[in-house]
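Below is one structure, written out as structure tokens; comments come after it.
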Amino acid sequence: RYEPTWGSLDARPLPAWFDEAKFGVFIHWGVFSVPSFGSEWFWWYWQKEKRAPYVKFMEANYPPGFSYEDFGPLFTAEFFDPNQWADILKASGAKYVVLTSKHHEGFTLWGSKYSWNWNAVDVGPKRDLVAELATSVRNRTDLHFGLYHSLFEWFNPLFLEDATNVFKTRKFPTSKSLPELYELVTKYQPEIIWSDGDGNAPDTYWNSTGFLAWLYNDSPVRDTVVTNDRWGVGSICTHGGFYTCSDRYNPGHLLPHKWENCMTIDKKSWGYRRNAQLDDYLTIEDLVKQLVETVSCGGNLLMNIGPTHDGRIAVIFEERLRQMGAWLKVNGEAIYGTKPWKAQNDTVTPEVWYTFSPKEGKVNAIFLNWPVSGTLELGEPQAKLGETQVKLVGYKELLKWVALGEKGIVIALPQLTPQQLPCQWGWTLQLTDVN
């Protein structure tokens, strides 16, 4: 049994499915999806920081005295079709999904008995959005279902009172945050608890180790659940399950601990933004590059979309997800279930990243630029004459190659028209029998 100490909890092995999955989809959805302007931090930027664009937006579009709470009934979700969402998630090639069950605004997407009249069953959609998505994902896909939960809430009076007392009192975690977490786990049995928002309070204030000990010892998901590292000030990148370290974290080199790169297709926001321009969205080339770099360095990619207040996944997000799925359909064997190789990227040719498939003993070299010369030089693999074989994934014939001294190999790529290429945006060479 795990003790409620970081020493004990950090020794828990991460369930194997998470490292094998490599790719998940993050969904930021809530009352912030109603103004859908600027950022999911809308309430904070408008009311607390009084940032000019937010103040002007409200003055121009809403009557005087309109409060953030008044957005609640406008969060309607009338087009929310959880089956359609599940089908898009499946088509993306993702192996897990993480839904924001509650962001820093405190509004819960399930009918929490600890969030009276500020939840999706009492206000707005009048539906349990967490339950509906969980059911569809489990019935229609093999994705692991996960939930994001914010520990703190910007304007909750109990939290503000505890903060004024320099967190010597613990009214908020004992009456709100912790009961919600227990409720989420027992009711929906998520296989990921993605914690966030420590409110500058230590993990002792949140009783994070006590909750995690219960989660790992006695909860209904104790054998399969994975957690991240955001459990109070000082825990990020140090304690918990996998490390996130920071948003959009992509170190570019191998890390000794399992980690995740959580990032957004909309470069400027996690929630939906009506004022986004096409240029604000990452291209599929950008996203494939992020995935390949992340996985080669031992990480998982958690790619975020923000649905609209009425429950739609905007067409641009759907397209990116389906494009990623099309790419993974061809190149998935170089991603799923792989391990980092001795080299992460090539020393001679830029934009070449390596993974290793342990079961097949294959080295995968994923290259993001098709060379004009028709030959690709790799500085890292040591080829063996008469033994090493090189295959382009999605192309049937073996490729010709020559070794370069001690280390290195030049590979002749097939001459293909754009229509004949196995995929776009990046290609995989599989090398067998290399030293």
> How long is segment 1-49 along each principal axis, judged by its Cα atoms, biggest number first, in Å?
Replying inline: 45, 27, 14
>> Rolling a 1.4 Å sphere over the protein heavy atoms, what is the accessible area per residue of segment 77-188, to the nearest Å²?
In response: 37 Å²
>> On the Cα set of segment 299-383, report Rg and Dmax in Å, please.
In response: 16.6, 56
> When the helices in the chain are scored as -39500 (n - 2.57) per DSSP H run of 4 or longer and the sum is shared across all residues, what 222 nm value do you end up with, to the nearest 500 deg cm²/dmol?
Replying inline: -7000 deg cm²/dmol
> Between Rg and the Kirkwood Rh of the chain, both from Cα atoms, what is the Rg to Rh ratio?
Replying inline: 1.01
> Angle, helix 315-331 long axis vs. longest principal axis of the chain, Cα atoms, 0 to 90°, nearest 10?
Replying inline: 40 degrees
> About its Cα centre, what dipole magnitude does the chain give when the only charges are +1 on Lys and Arg Cβ and -1 on Asp and Glu Cβ, stated in debye to the nearest 20?
Replying inline: 260 debye
> Taking only protein heavy atoms and a 1.4 Å probe, what accessible area per residue, in Å², does segment 339-432 have with all protein chains in place?
Replying inline: 53 Å²
> Restricting to segment 6-334, what percent of DSSP beta bridges are antiparallel, rounded to 5?
Replying inline: 5 percent
> Considering only Cα-Cα distances, which of the following residue pairs are longer than 20 Å: LYS289/LYS329; LYS289/LYS359; LYS362/LYS391?
Replying inline: LYS289/LYS359
>> Please compute the alpha carbon radius of gyration of segment 339-432, then divide it by the globular-protein estimate 2.2 N^0.38 Å. Two decimals is fine.
In response: 1.01
> Ignoring any ligand, DNA or RNA, what whole percent of the accessible area of the chain comes from carbon and sulfur when the probe is 1.4 angstrom?
Replying inline: 52 percent
>> Working only with C-alpha atoms, what are the Rg and Dmax values of segment 130-174, expressed in angstrom?
In response: 16.9, 48
> What does segment 89-165 give for Rg and for Dmax, in Å, if only its C-alpha atoms count?
Replying inline: 15.0, 49
> Taking a Cβ-Cβ separation under 4.7 Å as the criterion for a possible partner, which cysteines of the chain have none?
Replying inline: CYS262, CYS297, CYS423
> Size of the dipole of segment 339-432 about the Cα centre, Lys and Arg at +1 and Asp and Glu at -1 on the beta carbon, nothing else charged, in debye to 20?
Replying inline: 280 debye
> Within the set LYS102/LYS168; LYS102/LYS268; LYS90/LYS187, which residue pairs have Cα atoms separated by over 22 Å?
Replying inline: LYS102/LYS168; LYS90/LYS187
> Not counting the cut sites, what is the longest span of the chain without trypsin sites (Lys or Arg not before Pro) that DSSP labels loop and that have at most 13 other Cβ atoms within 10 Å?
Replying inline: 169-247
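The values are calculated or read from the model by the stated rules, or taken from the named source; none is laboratory data. Model, not experiment: these values are computed from the prediction. Ideal geometry is used to build each Cβ from the backbone, glycine not excepted, and the neighbour counts take in all protein chains shown. Protein only, heavy atoms only, side chains kept; ligands, DNA and RNA dropped before computing areas. Shrake-Rupley method; radii C 1.70, N 1.55, O 1.52, S 1.80 Å.
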